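The values are calculated or read from the model by the stated rules, or taken from the named source; none is laboratory data. All of these numbers come straight from a predicted model, not from anything done at the bench. Here Cβ is always computed from backbone atoms with ideal geometry, including for glycine, and neighbour counts include all displayed protein chains. The protein model used for the area step is the full one, side chains on, heavy atoms only, and it has no ligands, DNA or RNA in it. Shrake-Rupley method; radii C 1.70, N 1.55, O 1.52, S 1.80 Å.
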Amino acid sequence: MKKLFVLFCAIFLLTSTAFARHGGGTALFVPLTGSFGFTDIRNSDGKKIDTLKSSGAFDFGVLLQPGYFYDFSGLIGVDVLADIGYYRSSYNFRDTANNGNLVSYNFDTLNLGGMARVSILFLSLGIGSGVKLPLQANIQNANNKITYNYDKIKENFYNAYIPYIKFTIDFRYYLNSFSALAAGLYFNYDFNINQKIPNYSRYNISSFDFGFQVGLYLVGSSDY
């Protein structure tokens, strides 16, 4: 993962200058969130099984957002951005049928999506969506711990990707006409990823994350 982080930093610096001619630029965000998992588990007869209860987990990411920044007289702005990076998605549950033992799923993922933001003065509202591609999964319960690479994830899950949608609220502090710091709230919903387990017709897990994020903008327009 260190190589992946170094790659993101290199792309961040390159894209911040490559887009400089037409008001483009790059943002780099680090979300830090609490995650709460949900399940939709059904046996072979389709009967719902409700033995896994949500337990809190911790998620984080490093997200690079190159794109175009539109500015209207310094009062209102619109950002159209890609949303690329590393994201750690975690799902923790307590198994009430097994003495409340912890059941955890931890996915190291490649985040691929898009973002749109509307800014009014220093306040920025954003919405984004895309998919997280699990590169590695660590699954643990009371009996064992399993690590899957991407090929094993494809073998053991019906969908080897996690669709997501998110909403952000940020406050920006402009350092100068080319750069700004940002901090705010981060809300994310990961849609179902369905595991293949014998004697179950469905074994879906999903999660809702909320927390905060910090970021940096480098914009190539002196009018921004």
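Of the accessible area of segment 94-224, computed with a 1.4 Å probe over protein heavy atoms only, carbon and sulfur atoms account for 59 percent. Think of the chain as a dipole: +1 on every Lys or Arg Cβ, -1 on every Asp or Glu Cβ, centred on the Cα centre; then among L125, N192, F69, N192 lies furthest on the positive end. Taking 24 Å as the limit for the C-alpha separation, the pairs K145/K196; K145/K166; K47/K166; K132/K152; K53/K154 exceed it in the case of K145/K166; K47/K166; K53/K154.
When Rg/Rh (Cα atoms, Kirkwood Rh) is computed from the coordinates, the matching label among (1) 0.96; (2) 1.05; (3) 1.16 is (2).
Take the Kirkwood radius over Cα pairs of segment 95-222, plug it into Stokes-Einstein at 4 °C and 1.567 mPa s, and you get 75 µm²/s for translational diffusion. Remark: the chain carries 50 Å² of accessible area per residue (probe radius 1.4 Å; ligands, DNA and RNA excluded).
Charges only on Cβ, +1 for Lys and Arg, -1 for Asp and Glu: so what's the dipole of the chain about the Cα centre, in debye to the nearest 20? In debye, rounded to 20, the chain gives about 500. Using a simple spin-label model with pseudo-atoms 7 Å out from Cα toward Cβ, Y200 and D50 lie 1.7 nm apart.
Test of the criteria: in segment 112-212, which chymotrypsin sites (Phe, Trp or Tyr not before Pro) are in a DSSP loop and have at most 13 other Cβ atoms within 10 angstrom of their Cβ? Answer in residue order: F122, Y158.
Gain on full extension, evaluated as 0.36 nm per residue between K152 and Y173 minus their Cα-Cα distance, stands at 3.1 nm. When +1 charges are put on Lys and Arg Cβ atoms and -1 charges on Asp and Glu Cβ atoms, the dipole computed for segment 94-224 relative to its Cα centre reaches about 240 debye.
Applying a DSSP loop filter and a limit of 15 other Cβ atoms within 10 Å to the trypsin sites (Lys or Arg not before Pro) in segment 159-224 leaves K196.
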